[in-house]
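Reading through the structure tokens given below for one structure.
The values are calculated or read from the model by the stated rules, or taken from the named source; none is laboratory data. A quick note: this is a predicted structure, and the numbers were derived from the prediction, not measured. Here the Cβ positions follow ideal geometry from the backbone for every residue, glycine too, while neighbour counts run over all protein chains shown. Calculation scope for accessible area: heavy atoms of the full protein, side chains included, ligands and nucleic acids excluded. Shrake-Rupley method; radii C 1.70, N 1.55, O 1.52, S 1.80 Å.
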Amino acid sequence: MGIAYTTVAIDKIVVLLVFLTGCLICAVSVQHHLQQEYIGVTLIGASLVYQAFRSRLLRSGFPSEICRSKSRMFVACGIVFALLFTLSLLVLRLEAYHRPAAFFLLVSGMAALVALQIMGARTGLGTLLILLEIFGLSALIRSSLYYLFPALHGVDPLYHFGLVTEILQNGSFPAAGYEAYADFPLTHYLLAVLESVALMGLKNAFFVLGVLMIVSTLFVFLITRDLFHVKAGLLAVLLLNMSSWHILWSVDITPMSLGTILFLVLLFLVFSRTLSSGGQFSLVSILIFFIAAVVVCVHVIPTIVLFVASVSILAGALAQRFSIRNLRIGAAQIHLNSKYAAYFGLITILYWQHAYGTETRSFYEKVVFSVYDSLQGAAIGNVGAVTQIAKFDLLQIVLDNLGYALLVALMLLGLFSVLAHENSRGTGVTLLVLTGALFAFIYIPALVGSNASLPHRWFLYAYVPASILAAIGCWSMLAILKRPGAKIAAITAIALCFTFFMTTNSLVNSDSPLYPNVREDSITWAREYYYDSEVYAGRFLAKRSCNDNIVTDGRFTNVFTEYYGYEWVYPMYPSDPGSYAKGVVLLRENVRNGRIVDRPTGYVYTYEKAPKAFLDGFEGARYTRAYSSSNVTTYVPCPSYEVH
């Protein structure tokens, strides 16, 4: 097919900029020991690969059919998928608190089978079956982590668990302790209704939101199908559901989970061509206004992300209008204009001013002082602390982030390919600005040392357009291969490697590590989930302490306050003996053998290996050991000891 070239090859400009950015990242990482070289190498490699195959990519275009459909192969893959799914359930029951390596291999194999089915899928029933397989595989991965331990996964979910528990017990929102969600606790009321009506247990009710996050990726399929074609949409859904950050936030259930679901709905409304072709533009406008207002009230992070996304999409549209003559960029059809952005900004400011202002300090003062405290308290250029990358052996860093690097590489190849073709260039510019803005809000705050915007949470949202572009990148690379066997081998290898490294990295697999943990928070906070013995020990103390002080590591305090509603629990800090001198001390074995957080200052936490003097002090004359098991030890301070 003939391809019309532009007067200015915009894809070549972007390739050059990405290549130079990769070189800069490598240089800065080596100079300041940031351990981000793998990102720089990924950018450089993707640029060189695209430039080497550019002419063939231009000739191939974006065909929906890259391999002759074979119904027998489709059916065979489905049968093998069902067998592997059953086998993976059996493998999970072999050992408590552990997912064996065989489980991750089976999951990766199932993802590869789905990818093969996508190559030969036909529209209609075949598409539906593939979506059901993706959703089933996604639920398996998440439930294997979520139900592996008795308590909820993560830290923040315990806070929200405590809030929902009080709503169920009191029949109304608690008077104190949860002021941040007092104005619009939509997520908490939904969870309370699920528990009351379905009687499924609160932990199961939380997981329903995780399942809804999986199902909401259907909107990613619809977006990609409208922008490109059905098979690219299926591949985008597979990549997003297998990605580590989407897995993590599907088991760390918070109001942000509901905000993420609504974010995907809004993106679909903005990009959908099906709705506009049916004359439903006014209905789309009403839905956008309504859902945007709900997102603002649900959670801060998706609100900021949605505002950045809307502004970046509008910026992409303006760039198209400005360059339409010189670059021949066809305008991307979107349901978004400056009125929407102005409305969104207005309701955001009005709600935040009401919800976060106090009698002594206005909302604007809180924003200014929060940013100031963040910048003052954080180390400038501390990329590692904010992006959760510790300074370990480079090979370990690469292994732990290989899935992410593969996603970025495929994303860039897809972006370059979309920009190179005239019929998709407008969409490419929009996705370029959107994806670039989201990743900028991840890495730029890290460079200035700020953690106030929680940049690591933005990966969840950046992965949405990244998965769409990665699907196009993968499809484009397959299209340039001539032999069907080479295409099958390539898609199998990509799906296998991507799924395996995404599901086994320390972000979502610190429970059963296949290689050393490299995330800063994984090794310093110890585990984010607890054994039965730890939970039962905490429950025993909470029931029998009679309002006495209990002291434990900072992460485990949430189990007492939110899971058991026990208020007299305090974190202990190794540098402050007074923090653990008066009260029953609960010391987890995981902390004894790992690391513990020291006293925080502003947004900065100091992590250190549990000091020997700190641990030995509990075995001396100042304390009496009251209880001991393989995972938990409790100490009672001697009455004669006083803190000086």
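Here are some notes:
- Met256, Met200, reordered so the largest accessible area comes first (probe 1.4 Å): Met200, Met256
- Placing dummy labels 7 Å off each Cα toward the beta-carbon, the span from Ser629 to Thr21 is 5.0 nm.
- Residues in region 622-629 carry Karplus couplings, in order, of 6, 10, 10, 6, 9, 7, 8, 9 Hz; the curve used is 6.51 cos²θ - 1.76 cosθ + 1.60 with θ = phi - 60°, and Gly or Pro positions show x.
- Solvent exposure of region 123-194, expressed per residue, is 39 Å² of accessible area, with all protein chains present and a 1.4 angstrom probe.
- Derived scalar couplings ³J(HN,Hα) [region 481-493; Karplus, 6.51 cos²θ - 1.76 cosθ + 1.60; whole Hz; x for Gly, Pro]: 7, 8, 8, x, x, 5, 5, 5, 5, 5, 5, 5, 5
- Note on region 71-186: with neighbouring protein chains present and a 1.4 Å probe, carbon and sulfur make up 67 percent of its accessible heavy-atom surface.
- Alpha-carbon spread of region 92-199, three principal axes, descending order, Å: 57, 39, 25
- Distance (nanometres) between label positions extended 7 Å along Cα→Cβ at Ala293 and Val28: 4.1
- Just the protein heavy atoms count here, and of the accessible area of region 403-503 at 1.4 Å, carbon and sulfur take up 76 percent.
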